[in-house]
Amino acid sequence: MEVWDLYNERRELTGCTHTRGDAIPQGCYHLVVHVWIRNSRGEYLISQRSADRPTLPLKWECVGGSVLKGETSLDGALRETLEEVGVTLSPENGTPVFSKVRDTVGGVRFADILDVWLFQYDGPITLENALTKEVAQSAWMSKAQIKNLFDSGELVHTLGYFFDTEKLY
């Protein structure tokens, strides 16, 4: 059972918590992180969701997920990366790229505050070190390869911002 802190639209903690799966109260938001990992060749680590994921199975994406109760955005980014792809990132190698409050995305209520991070990393990727089985496979890809995944519908649709965010390059 995942428990999240709830925030108002100004990113202030409300003092309330939320259990994943329950409806998020109006005017409240939970914190979500997207973690883009770039190597020195300018490639990005992309992972394919496992076939048994309840939403978007086998779609490609960056590392990401909900920040747990008591965690900071950075804490959540580091934990999600270790859980999903088995990589321990150095906090000093991360840069917050942008943050956005999202009430809805594509007509679906998200009620989240999305923090997008960029980390530099040149170490090994070994999914056997992952703490969950959320990822079927991972690969280093160029921006053009990621764009091809997006154009073919194989990349999670909410990641379209990747192509418009110069800070990610």
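Quick note: the coordinates plus some simple rules give every number you see, no bench work behind them. If you're wondering where the values come from, they're calculated on a predicted model, not measured in any experiment. So basically every Cβ, Gly included, is an ideal-geometry build from the backbone, and we count neighbours across all protein chains shown.
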**Asked** Is one or more of the residues making up region 28-47 of a type in the set (Gly, Ala, Ser), out of contact with any Cys (no Cβ under 7 Å at 6 or more places or on another chain) and outside any strand (DSSP E or B)?
**Response** yes
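Can you tell me which residue among THR14, THR19, THR55 is surrounded by 14 or more Cβ atoms within 10 Å (Cβ to Cβ), β-branched (Val, Ile, Thr) and out of contact with any helix residue (DSSP H, G or I) (no Cβ under 8 Å at 6 or more places or on another chain)?
Working: THR19 fails: surrounded by 14 or more Cβ atoms within 10 Å (Cβ to Cβ); THR55 fails: surrounded by 14 or more Cβ atoms within 10 Å (Cβ to Cβ).
Sole residue among the options that is surrounded by 14 or more Cβ atoms within 10 Å (Cβ to Cβ), β-branched (Val, Ile, Thr) and out of contact with any helix residue (DSSP H, G or I) (no Cβ under 8 Å at 6 or more places or on another chain): THR14.
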**Complete:** Picked from region 140-159 (must be in contact (Cβ under 8 Å) with a residue 60 or more places away in the chain and within 21 Å of THR55 (Cα to Cα)), the residue surrounded by the fewest Cβ atoms within 10 Å (Cβ to Cβ) is GLU154
**Asked** What about GLU84, is it touching an Asp or Glu at 6+ places or on another chain (Cβ under 6 Å), farther than 23 Å from ARG41 by Cβ and among the acidic types (Asp, Glu)?
**Response** no
**Item:** Scope region 48-76; condition touching a residue at least 40 places away in the same chain (Cβ under 8 Å), assigned to a loop (DSSP other than H, G, I, E, B) and within 16 Å of VAL156 (Cβ to Cβ); matching residues
**Value:** SER50, ALA51, ARG53, LEU56, LEU58, LYS59, CYS62
**Request:** Taking the residues in region 78-109 that are free of Cβ contacts under 8 Å to residues at least 60 places away in the same chain and among the hydrophobic types (A, V, I, L, M, F, W, C) as candidates, determine which candidate is surrounded by the fewest Cβ atoms within 10 Å (Cβ to Cβ).
**Result:** VAL108
